[in-house]
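I have placed the structure first, in the form of structure tokens, so that the comments after it can refer back to it.
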There are 2 protein chains.
Amino acid sequence: MQIGTWNIEENTFLKDKVEQNGSRFLIGNGYMGYRGTLEEFGKDELVALNMAGLFDKNGDLWRESVNAPNPFCVKVSANGEVLSALTASIGEHRQTLDIQNGIHSRKTVFNASGAKVTVEAERFLSMKRENLAAIKFSVSSDTDTNVHVSTCVDTDIWNINGEHFTVLEQYSEADVNVLKLQTNENKTPICVYEYIVGAENETEVALKADEKFEFVKLCGIYWGDGCEGSLDAFKAIISEDYATLLAEHKAVWADIWANSDVRIDGDEEAQFAIRYSIYHLSSIVPRNTDKCSIPARGLSGQVYKGAAFWDTEMFMMPFFSFTDTTLCKNLAKYRINTIEGAKRKAKEFGFEGAFYAWESQESGDDACTLFNITDVFTNRPMRTHFKDKQIHISADAVYGLWEYCTVSGDYSLLFEGGLEMMYQCLLFFYSFAVYKPLKSRYEILDVVGPDEYHERVDNNAFTNKMAAYVAAAFDKALDYVKNNDPAFFAAFAEKHDLSVFDGFVDKLYIPQPNENGIIEQFDGYFRLEDISLAALKERIIIPNEYLGGGNGLATTTRILKQADVLMMLNVFRSQYSDEIKKANWAYYEPYTEHGSSLSACAYGIVAAGIGMPDWAYKYFMKTATVDLTGDTKQYLGSLYIGGTHPAANGGSWNAAVFGFGGVSYTDDALDVSPKLPAHWDKLSFKLLWKGVRLTVCATHNGTTITADKPTNGICVTVNKEKYIF
Amino acid sequence: MQIGTWNIEENTFLKDKVEQNGSRFLIGNGYMGYRGTLEEFGKDELVALNMAGLFDKNGDLWRESVNAPNPFCVKVSANGEVLSALTASIGEHRQTLDIQNGIHSRKTVFNASGAKVTVEAERFLSMKRENLAAIKFSVSSDTDTNVHVSTCVDTDIWNINGEHFTVLEQYSEADVNVLKLQTNENKTPICVYEYIVGAENETEVALKADEKFEFVKLCGIYWGDGCEGSLDAFKAIISEDYATLLAEHKAVWADIWANSDVRIDGDEEAQFAIRYSIYHLSSIVPRNTDKCSIPARGLSGQVYKGAAFWDTEMFMMPFFSFTDTTLCKNLAKYRINTIEGAKRKAKEFGFEGAFYAWESQESGDDACTLFNITDVFTNRPMRTHFKDKQIHISADAVYGLWEYCTVSGDYSLLFEGGLEMMYQCLLFFYSFAVYKPLKSRYEILDVVGPDEYHERVDNNAFTNKMAAYVAAAFDKALDYVKNNDPAFFAAFAEKHDLSVFDGFVDKLYIPQPNENGIIEQFDGYFRLEDISLAALKERIIIPNEYLGGGNGLATTTRILKQADVLMMLNVFRSQYSDEIKKANWAYYEPYTEHGSSLSACAYGIVAAGIGMPDWAYKYFMKTATVDLTGDTKQYLGSLYIGGTHPAANGGSWNAAVFGFGGVSYTDDALDVSPKLPAHWDKLSFKLLWKGVRLTVCATHNGTTITADKPTNGICVTVNKEKYIF
């Protein structure tokens, strides 16, 4: 694969890269995502038009996001020979993703019965009109050739857990092919419209040498309430020509880059990697709804059930809160909208308040099962505790909301369910916590922290610290509401007995550094077997055996799946000294497997802050190139687990801006203390802070900050010096 | 195997029954146990002289009880042919255990080069003189035969976890062969003396037809402090002849039976089974020390490391408390003596007070490891939570002590560390328990109950109820001390702040019957998979796979290893109505695997009480015949796990006396409401209650109770009618 300034390109067709490239060359517009497959591909090549926020359950199988029919299906044959990259002889081949403009294109020259037939295609999912999937397709040949072009909206599609829709109607109205479907579980309508300019569904072309046969196809995909009046809406779209639609789409991308680009001078590889991360985040974030969040595999398919995890709040939302207030607000609102599911879950497990879904779909009910992994030794479902014990999720949800408020300065969500949501989450933690009279403190027992290899641990430092965060944030939110809307506050205080939490946060145990400065990940971690990662791996019998769960190899050792204490030091980086960070980084790093793509960025950010630029760079690049190299595991047994890694994409931005950019902040003060790797000449990025867009430009000689408009005395500290804008 | 009135007999020699018979034909005197093997056997046939209370650790292997050198080793050859039951041709064979007198005997007629050579042996471990192992051995033949008899104290012995002693010296002094050894870990001395009358160690005999060559061998086994002056002590023993020593031994057994026999008329099988149970209990209980308890496999070998479990207090001690105050007091004192180990364990796991060893040896430190089982799928050690989570052990220890006090009326142990021990156990439970402010109650989370297939459960009914028992018993004990020794009480109250427990027991959550009368075994049990035992077993892949632990098949289902709620209903049988008992019996019985020999008796006792005599009889017989049939698993992989089942032996007595005898009691009142199986004519047994030995004789026509001496107005209720003796 070649990496250009703004694109990636595959110049050879390799069959064994089809799955990887499906994720690498993904396009998306937040409403849907389309995998980077070729037009002639089908379900076996994991083609997918993955819909955001639309879920379905088939029988007893896992509930997952819906893949809609494939609008980009085009098959070509020349002189009777099928021109598929999978089977035909290929002269030249090029697959390109333009990340500046969100355009996928391909050009393939096939050797077909003596003719060199060139197939070209360009497609995009419109950023301007979220229902639009557009493709321009052409065929040419160096000799006169009889060509057959077939295009359709393919309903025979790839699913991981069973079929999710049935076709109700299929007809043509004027020039539009109409396909009406409904989902299996909730009978949600899906409408797909197809409009072809310059061809039919089946077209025979007697192609002259060096002549080009070209057509354009515009498809509209709508579901749920969006189906109402959708044919008219689609007709309005197709009244515009392809060039106009493409220009609109590119204009939106230009705005995105204007507000979010991160410039790295002196390191082309890093420059592309950070932009590629921003491209993915921007392609998959819901742009016009607060009814869904960002799935853990983006819109690259149904892996992880299309569900949102803590990934959104803890890894991706920082990028959006500092670059696009509207999008970030939607993400924060999603958790408010799904609170009923969280309350049901709390009740189910015997607690009060809101226990958010570990795997959250549209209702907030948990898509996670109690048996989330198959034991490779027995082929039986393995009881895991992601769903019932990973309680930090409720704190993560609060974190997303409150950090949005803090960074944006927009506290309006507090009055739209936000304060209630914070209350319910605090109530959940309070009902989960236990009081130990002999120690005069609250503890949080029997949880799973970020490091999922150690289930059912007591006083996980990250979890306890996050619970304390919830209590502190709720106090601040209450203060805000009291000061800004006394009537609202009075009604709230009338509804809830707020005194119930008195003393909770003061007496909540937060694990502290020991005499060596190390914070124990959880009670008893220090007593676990001290083994190296290499030695642990030598014990592995079956390559993909799960290291956690009931009997996993890591469970009784210090080996951790991913940053846990380090994640805490990252999130609360302004509260811990460099000495503590250094000690914990050095202690935990050798034990960390990085079995999750969420792990590396925390190590990178902390390393950057404590003057370990080489390590910071290593972990930044590891994070930023996860989807670029695509070197992640694609299958677990026969189960596809590939796809994109939006949390790592968000982590790249965090590592660049919070790490090398040295950005941290408190309620009303922003601190920027850049620490560039030696070989970088310049790092510049935008920060939307309290409604003002700042541009930070850091070199080894100094840092400048400019604002896009007059401010009201925003306070920024740069390298320990205070500036008032 | 034949069962006589007072003996069992094997009339055929079967090689594949050697291990089973080793346990079945066990003899013991509390100081040591000798497996029911033949004199010519060696380590491969699991010969063992297992020492009570003597432990050793070899390297990293499990610490276990010590098998001393084999004093009964005798090998015979006739006309050059080795006469071993394992290899020679056998004419007749008889192996007998006389349970009335604790004597093992054998007679084997070998076909040796045309001659019929008869070998006879009789042996016992003296109940009168605990160091004495005595054997009378004879050889005769139907024709003139050259016989070679070889006898020694065999030091090449069977061990499960490595060698445990080294031979320091071996010499003869006068007619005594002296063997001085020391253990490996603590260098504890062991002295073994051998004195042969009528033969040498190697004896050639030109045997005349129908003449008998007979010799007697007396051995003395001493260890630790007992070695001091032991040769003189042994010399005093050997100054007596065999007949005298045997008569003394039999006299002790006669006393035991006089005080403890249970008579069942009309059911010979049941009669023998209960006596066989009493025989085992009486053979293995320490008679002259409070420094050790009864191991879970008795003195039948090193299985379960020779350690004592909750088995002693909850299953065996009732028999001793109602039949032999001295022995019972020793057992209760053992836990007081090992409290320092229990305090170390509590501290190790972050708690206060005394957390007794799950597997207790001489110091009270826990012999149980955190990895007590090997996973058959991976051959790796499996993390289990017997050691760190089966906290009911501290309540069981208190139960043993307090029930001893209650039944005997002897509270002297309270002043000898007993009150302190109860305090430390209550403190442990208090430090383990957590307070849930929103529920205004204490809960006990993250434990393992008796049903070990479900690890790390919350609010296990049995555990919580037993914790409440500890609190209540401690209150009563305090009252006793306050009333009987105010100065002692004052000093105690000075030492410990007793107000710390205020409100604990009142607010301690005890799971209550639901609307159907069912008490949930632990939080969430009702939500586990409802599967039949048969269906669960169909899921088994490897026959001996462990059903509990991290990923065991039973863990996520309602299938339980052993009585748990039923055990609670049994222990607290006077506190629950018949309706509750019936509902829970019916609910839990189908889910119970009885994977432990501790399970059946609880079902039997409860069934007897609620008018289900057929079920009661079935479970009584299941319990009472465990060691008689010997049909338990002998090996787990290559690991020997056979041996006797003293908890079941105790459970048989409990089922007979508490179940069919209908005995229950409160602090000062004894209730006897017999419910005999239809085919029993009479059930009679002794009850030592507050120092008075009562004889209960129950028939279908009524119950009589007599006392062995004038009483001070003891109150007994018989079938609801109150009698004052």
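The values are calculated or read from the model by the stated rules, or taken from the named source; none is laboratory data. Quick caveat, the model's predicted, so the values are computed rather than measured. Note that each Cβ is placed from the backbone with ideal geometry, even for glycine, and that neighbours are counted across all protein chains shown. Accessible surface is based on the protein model in full, side chains and every heavy atom, while ligands, DNA and RNA are left aside. Shrake-Rupley method; radii C 1.70, N 1.55, O 1.52, S 1.80 Å.
Some observations on this one:
- Relative to its Kirkwood radius, the Cα radius of gyration of the stretch B:648-714 gives an Rg/Rh of 0.97.
- Computed 3J(HN,Hα) for the stretch A:486-498, one whole-Hz value per residue from the Karplus formula 6.51 cos²θ - 1.76 cosθ + 1.60 where θ = phi - 60°, is x, 5, 4, 4, 4, 5, 5, 5, 5, 6, 10, 7, 6, glycine and proline marked x.
- Along each principal axis, Cα extent of the stretch A:220-301, largest first, Å: 51, 32, 21
- A cut-off of 5 Å between modelled amide H atoms, ignoring neighbours fewer than 5 places along the same chain, links A:Thr717 with A:Leu670, A:Asp671, A:Val672, A:Tyr723.
- Compactness ratio for the stretch B:481-614: Cα radius of gyration over 2.2 N^0.38 Å (N = residue count) comes to 1.43.
- Descending by average beta-carbon neighbour count within 10 Å, the peptides B:74-85, B:695-706 line up as B:74-85, B:695-706, the highest first.
- Shown for the stretch A:107-219 is the translational diffusion coefficient from the Stokes-Einstein equation, using the Kirkwood radius over Cα pairs, a temperature of 4 °C and a viscosity of 1.567 mPa s: 80 µm²/s.
- Helix A:392-408 axis versus longest C-alpha principal axis of chain A: approximately 80°, rounded to the nearest ten.
- For A:Lys212, label point 7 Å along C-beta direction: distances to other copies, nm: 11.8
- Per-residue SASA entry for B:Trp689, accessible area with 1.4 Å probe, Å² rounded to 10: 0
- Column: log10 I(q)/I(0), Debye, Cα scatterers of the stretch A:315-438, q = 0.10, 0.15 Å⁻¹: -0.36, -0.71
- Selection from A:Ala85, A:Leu125, A:Cys73, by position along the positive dipole direction of the stretch A:69-211 (Cβ): A:Leu125
- Chain B, helix-only ellipticity at 222 nm - DSSP H runs n ≥ 4, -39,500 (n - 2.57), divided by all residues, nearest 500: -9000 deg cm²/dmol
- Only one residue of B:Ile641, B:Phe215, B:Ile373 has its Cα farthest out toward the positive end of the dipole of chain B, where Lys and Arg carry +1 and Asp and Glu -1 on Cβ, and that residue is B:Ile373.
- The ratio of the alpha-carbon radius of gyration of the protein assembly as shown to the globular-protein estimate 2.2 N^0.38 Å is 1.14.
- Per-peptide packing, taken as the mean over residues of other Cβ atoms within 10 Å, places B:400-413, B:535-548, B:567-580 in the sequence B:400-413, B:567-580, B:535-548 from highest down.
- Rule-of-thumb Rg ratio for the stretch B:624-685 [Cα; 2.2 N^0.38 Å; N residues]: 1.55
- Average Cα contact separation per residue, chain A, under 8 Å, 6 or more apart, as relative contact order %: 11
- Among chain A residues, the beta-carbon with the smallest distance to the axis carrying A onto B is reported, with distance in whole Å, as A:Gly550, 1.
- Applying the Karplus relation 6.51 cos²θ - 1.76 cosθ + 1.60 with θ = phi - 60° to the stretch A:288-301 yields 3J(HN,Hα) values of 10, 8, 10, 9, 9, 10, 9, x, 5, 10, x, 10, 8, x Hz, where x marks Gly and Pro.
- Simple point charges give the picture: +1 on the Cβ of Lys and Arg, -1 on the Cβ of Asp and Glu, and for the stretch A:428-515 a dipole about the Cα centre of about 180 debye.
- Inverse mean reciprocal Cα-Cα distance (Kirkwood Rh) of the stretch A:546-705, Å: 16.8
- Computed 3J(HN,Hα) for the stretch A:154-166, one whole-Hz value per residue from the Karplus formula 6.51 cos²θ - 1.76 cosθ + 1.60 where θ = phi - 60°, is 7, 9, 8, 10, 6, 9, 7, 10, x, 5, 10, 8, 10, glycine and proline marked x.
- Accessible surface of A:Lys17 - all protein chains present, 1.4 Å probe, nearest 10 Å²: 50
- Residue among B:Leu414, A:Gly552, B:Ala296 farthest towards the positive dipole end of the protein assembly as shown, charges placed on Cβ: B:Leu414
- Counting only DSSP beta bridges with both residues in chain B, the antiparallel share comes to about 95 percent.
- With all protein chains modelled, accessible area of B:Met1 [1.4 Å, Å²]: 70
- Computed about its Cα centre, the charge dipole of the stretch B:22-129 is approximately 280 debye, with only Lys, Arg, Asp and Glu carrying charge at their Cβ.
- The other copies place their B:Cys697 label points at 11.2 nm from this one, listed shortest first, where each point is 7 Å from Cα along Cα→Cβ.
- When you restrict to C-alpha pairs under 8 Å that are six or more residues apart and normalise by the size of the stretch B:162-227, the relative contact order lands at 28 percent.
- With label points set 7 Å from Cα along Cα→Cβ, the inter-copy distances at A:Thr5 are 11.1 nm, sorted shortest first.
- Highest average packing first - A:350-356, A:93-99, Cβ atoms within 10 Å: A:350-356, A:93-99
- Using C-alpha pairs under 8 Å with a sequence gap of at least 6, the mean separation divided by the residue count of the stretch A:82-169 gives a relative contact order of 18 percent.
- Hull volume per residue, based on the alpha-carbon atoms of chain B and their convex hull, is 169 Å³.
- Where only alpha carbons of the stretch A:1-123 are counted, the Rg and the Dmax (Å): 15.8, 52
- Placed amide H near B:Val663: partners under 5 Å, 5+ positions off or other chain: B:Phe658, B:Ser673
- The length gained by stretching the chain between B:Ala678 and B:Ala493 to full extension, at 0.36 nm per residue less their Cα-Cα distance, is 61.2 nm.
- One quarter of the surface of the convex hull around the alpha-carbon atoms of the stretch B:4-58 equals 5.1 nm², the direction-averaged projected area.
- Test item: Cα-centred dipole of the stretch A:124-205, Lys/Arg +1 and Asp/Glu -1 on Cβ, debye: 480
- Note on the stretch A:376-487: semi-axes of the ellipsoid equivalent to its C-alpha gyration tensor, largest first and rounded to whole Å, are 31, 18, 11.
- Under 5 Å between amide hydrogens, built in the peptide plane, is the criterion, and for B:Leu168 it picks out B:Lys180, B:Leu181, B:Gln182 among residues at least 5 positions away or on other chains.
- Per-residue mean of C-beta atoms belonging to partner chains within 10 Å, peptide A:437-443: 4
- The stretch A:395-453 has equivalent-ellipsoid semi-axes of 28, 15, 10 Å, by the square roots of 5 times the alpha carbon gyration tensor eigenvalues, sorted largest first.
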